[in-house]
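The structure appears below as structure tokens.
Where a number appears in this text, it was derived from the coordinates with a stated rule and is not lab data. A quick note: this is a predicted structure, and the numbers were derived from the prediction, not measured. Using ideal geometry, Cβ is built from the backbone for each residue, glycine included, and neighbour counts are taken over all protein chains shown.
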Amino acid sequence: MAKFLLLVIFFLGLVLRFLYFPQNTYFGFDQARDAYASMEIIQGHFKIVGPPTAGQVFHHGVLYYYIFAPIYLIWGGDPIAVSSFLRILNVVCIFPVFLITFLMFGEIVAILASFLFAISYEQTQFSLFLNHPSLAIVSVLIFYLGLSFWIFKKRNWGLILALFGLGLSIQFEFVEIQLIPIFILFFLYFAKNTPKLNLSNILIGFVAFILPVSSFIVSEAVHNFYILRQIPDLILGNSGRSNFTTSSITKFLFFINRHFHDNLIAADYLIVTVVELVFVIILIKIIFLKNYKKQIVFLILWFFGGLLVYFFTDNDAYFYNTGTSIALLIFAGFILSKLYLKNKWITFMILFLVLLSNISLIAKNNPLGPNEKINPQKGLLLEDEERIIDFIYQKANGKNFAVNALTMPYNINTTWSYLFEWYGKKKYGYVPVWGGDAAGGYPGNLMVEKARSALPNLRFLIIEPMEGIPSYLADKFLNEEEIYSKTLQKKKIGTMQVWVQESR
């Protein structure tokens, strides 16, 4: 029966992740940059450094380029193929969620936790995110699966698996370095009740951790330990004072509230807060029960450990807490299992309300792809971008033309270069000249011509969603376009605009 239910849950999760597909495939600068990198690997230009983190000092791992590369190769550079892969990969995570929960609480709780994971709005958002943090869901689960086997089944190989998951998590999302102190806390608390480690366990565990982070070591060696040399300035700054900021308690509570809202109850702040208080009361009661003390400590370390990064930043990015909410879902499954023994109908009613809550968020937000806390330019969708390119080529009617775009990041043509090279050239046989500024050092092969007098008479301007573009830059950009080109037509496609222009 459990296998059948798990299979049903899997297909439910699959349906929810593929709702609005492929129309809600998001493709912006990060996705185009990664596509170029993956295609370069296919051509034999191997890479050892991933993209920079938000702070521009550290870099994410490079492994995901190599994972994406064969998918781009087989499907001819189509981002939809990679998006499909990530959606399927996310729903497959139902099985490690089931196994972790089964090791802790047994079959009924495992089924409930798997169901909550399958319907989670937050998880559907990660499945839509065509980028490396989506892979970190898998690695974080490997980390906690290993710890589960080590703690609850007394298997030392579980600790080795956890170390591999730890290294892999850092590889996929650098901020998951926060798992290192969490791993230390797990070790200090649980080691006394687990089998002793021998030298072989320690050596294999060390190798299991080093292997997935080896690209960082190689990169640092090749680049003369550039990042290591930046760490003192990063911590202390030029003035000798710390560069780190701390989050307020109010903002930290906001992140907890967001987990409840995006996984269990999509209601206003007061109602969500009441639900949180109920969870805290139940948690306090359970933690004193000897039968479940280890499990509850495990989930507390998992949940609050995943929020650790928010103590040191004011950034409210969605993907800093990859996999954190799974601990909440497991605990919710545990509470519901106890309620089920007392009243089945109330339990089913609550599950139905949680399902409706998540579906309402999915229906509201997922048609436009990842939310603005993942990608600030909401609705930069591949289908609309293809419609823009089709519109441009149809207007050009075989003539040479120039294209420019108001982009985020500003004056970087990577996204549209990839789209014209992959989609435009394949369908129409030629590509335009880029008629405007294009910052150097970024991927893209369109010929750039800054001299307006040298451009073809027929020109097109693409305007991306304005989120993230300073208004003064946008105004300056559009004013210059009006000076040098006469606008014949403006057309809105999705959240973007395309202007048909000719030289003045």
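Rg ratio for the stretch 34-100: its Cα radius of gyration over 2.2 N^0.38 Å, N being its residue count, equals 1.30. Between R504 and M466, the contour length at 0.36 nm per residue exceeds the alpha carbon distance by 11.1 nm. For the stretch 382-503, the Cβ-based charge dipole about the Cα centre amounts to some 440 debye (Lys, Arg positive; Asp, Glu negative; other atoms uncharged). For the chain, the antiparallel share of DSSP beta bridges with both residues in that region comes to about 65%. Helix 293-306 and the long axis of the chain differ in direction by around 20°, with both axes built from C-alpha atoms. Taken about its Cα centre, the chain carries a charge dipole of about 1360 debye when Lys and Arg each add +1 at the Cβ and Asp and Glu each add -1 at the Cβ. Of the residues A451, A474, G440, the one whose Cα sits farthest towards the positive end of the charge dipole of the stretch 382-503 is A451 (charges of +1 on Lys and Arg Cβ, -1 on Asp and Glu Cβ, taken about the Cα centre). As a length-normalised measure over Cα pairs under 8 Å and 6 or more apart, the relative contact order of the chain settles at 16 percent.
Among the listed pairs K344/K378; K251/K364; K294/K342; K342/K364; K3/K251, give every one whose C-alpha distance is greater than 30 Å. Over 30 Å apart, Cα to Cα: K344/K378; K342/K364; K3/K251.
With R₀ set to 41 Å, the beta-carbon distance separating V278 from K153 gives a calculated FRET efficiency near 0.85. Estimated from helical segments only, the mean residue ellipticity of the chain at 222 nm is -19500 deg cm²/dmol, where each DSSP H run of four or more residues counts as -39500 (n - 2.57). What are the semi-axes of the equivalent ellipsoid of the stretch 382-503, taken as the square roots of 5 times the eigenvalues of the Cα gyration tensor, listed largest first and rounded to whole Å? Ellipsoid half-lengths, sorted descending, are 19, 16, 15 Å.
Residue exposure proxy: F352, F68, F102, ordered by other Cβ atoms within 10 angstrom of their Cβ from fewest to most, comes out as F352, F102, F68. The 3J(HN,Hα) values that the Karplus relation (6.51, -1.76, 1.60; θ = phi - 60°) gives for the stretch 66-73 are, in residue order, 6, 6, 6, 3, x, 5, 4, 5 Hz. Gly and Pro appear as x. Using only side-chain charges placed at the Cβ, +1 for Lys and Arg and -1 for Asp and Glu, the dipole size of the stretch 1-116 relative to its Cα centre rounds to 120 debye. With Cα atoms defining each centre, the stretch 331-405 and the stretch 149-219 are spaced 34 Å apart in the structure. Distant-in-sequence amide contacts of I493, defined by a placed amide H-H separation under 5 Å and a gap of 5 or more residues or a different chain, comprise V498.
Once the Cα atoms are used to define both axes, helix 199-222 deviates from the longest principal axis of the chain by about 20 degrees. The alpha carbons of the stretch 2-368 give a radius of gyration and a Dmax of 20.8, 64 Å, in that order. Around F11, under 15 Å between beta carbons, what's the net of Lys plus Arg minus Asp minus Glu among the other residues? Combined, the nearby Lys, Arg, Asp and Glu give +3. Computed from phi, the 3J(HN,Hα) profile of the stretch 162-178 under the Karplus parametrisation 6.51, -1.76, 1.60 (θ = phi - 60°) reads 4, 5, 5, x, 4, x, 5, 5, 5, 4, 7, 8, 4, 5, 6, 4, 4 Hz, with x in place of Gly and Pro.
Extension gain, F187-L19: 0.36 nm per intervening residue step, less the Cα-Cα distance, totals 56.4 nm. The ranking of D384, D475 by Cβ neighbour count inside 10 Å, starting from the fewest, reads D475, D384.
The L308 and L211 beta-carbon pair, evaluated with R₀ = 25 Å, returns a calculated FRET efficiency of approximately 0.55. Arranged from fewest to most other beta-carbon atoms within 10 Å of their beta carbon, T324, T487 become T487, T324. Ordering S337, Y36, F95 by the projection of their Cα atoms onto the charge dipole of the chain, which places +1 on the Cβ of Lys and Arg and -1 on the Cβ of Asp and Glu, puts S337 at the extreme positive end.
The modelled label-to-label distance for the pair K338/Y428, using points 7 Å beyond Cα in the direction of Cβ, is 6.3 nm. For K450, the lysines whose Cα comes closer than 27 Å to its Cα, not counting residues fewer than 8 places off in the same chain, are K395, K399, K425, K426, K427, K476, K486, K490, K491, K492. Applied to the stretch 378-385, the Karplus parametrisation 6.51 cos²θ - 1.76 cosθ + 1.60 on θ = phi - 60° returns per-residue 3J(HN,Hα) values of 5, x, 7, 9, 4, 4, 5, 4 Hz, with x for Gly and Pro.
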